[in-house]
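The following block contains the structure, expressed as structure tokens.
Nothing in this text is a laboratory measurement; each read-out follows from the coordinates by a stated rule. No experiment lies behind these values; they were computed from the predicted model shown. Please note: Cβ atoms are built from the backbone with ideal geometry, for glycine as well, and neighbour counts cover all protein chains shown.
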Amino acid sequence: MFKWRALPVMAGLALLALASASVADAQEDPGGRRRRFDPEQMRERMMNSYKEMLAVNDDEWTVISPLLQKVMDVQRQTRVVGGFGFGGRRGRRGNDQPTEDAANLSPIEKAAQELRTVLENEAATADDIKAKLTAYREAREAARTELAKAQQALREVLSVRQEAQLVMRGLLD
């Protein structure tokens, strides 16, 4: 079920990604070519933004940041859409070929990819589809459980104000 309260967070992240990509595309390297979008730079900017928003010092941040990153990572895994995750694991031109090999996929992404593959197979039986659907549901439920644990661990180190700020940003329930 789609959670409407996550919509502003997803929209904000999409805008941030677009703005970051535009800035990164506009910059040129010394050879005159455009630089590619760097997801690591975007992650670092987001984390710095959270650090500033939460108004924490470096010592507090060393405790909070890995817990916050864990929540963000698990949340991203729970948003698997179409077998390749929200934000896309498809090729650059929109083709259906994943750009990462299966070894780098989370369990829920692997289960979603297998379900998609069996659905694309016209010869797949109802039992084949049901087995992949069950595996996908189990992986999704495991990811939700992991998310709840990660959110609780983060909540335990936050002040009430910090917790409320992260609830408003969609990182905590």
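In what sequence, highest mean first, do 118-126, 50-58 appear when ranked by Cβ atoms within 10 angstrom?
50-58, 118-126
Stretched out fully, how many nm does the piece from Ala123 to Asn48 gain, at 0.36 nm a residue minus the Cα gap?
Length gained between Ala123 and Asn48: 22.0 nm.
Hey, another quick one. Run the numbers for Asp38 and Ala103: contour at 0.36 nm per residue of separation, minus the present Cα-Cα distance, in nm.
Roughly 21.2 nm would be gained on extension.
To continue, here is another question. Read phi for every residue in the range 57-72 and hand back ³J(HN,Hα) as whole Hz from Karplus 6.51 cos²θ - 1.76 cosθ + 1.60, θ = phi - 60°, with x for Gly and Pro.
Listing the rounded values in order: 8, 4, 5, 5, 5, 5, 7, 6, 4, x, 5, 5, 4, 4, 4, 4 Hz.
Here's a follow-up. Which residues in the range 154-173 have a backbone N closer than 18 Å to a point placed 7 Å from the Cα of Arg79 along the Cα-to-Cβ line?
From the range 154-173, the list is 166-173.
Please list, or write none, the lysines whose alpha carbon is within less than 25 Å of the alpha carbon of Lys110, excluding same-chain residues fewer than 8 places away.
Result set, ordered by chain and number: Lys3, Lys70, Lys130, Lys132, Lys149.
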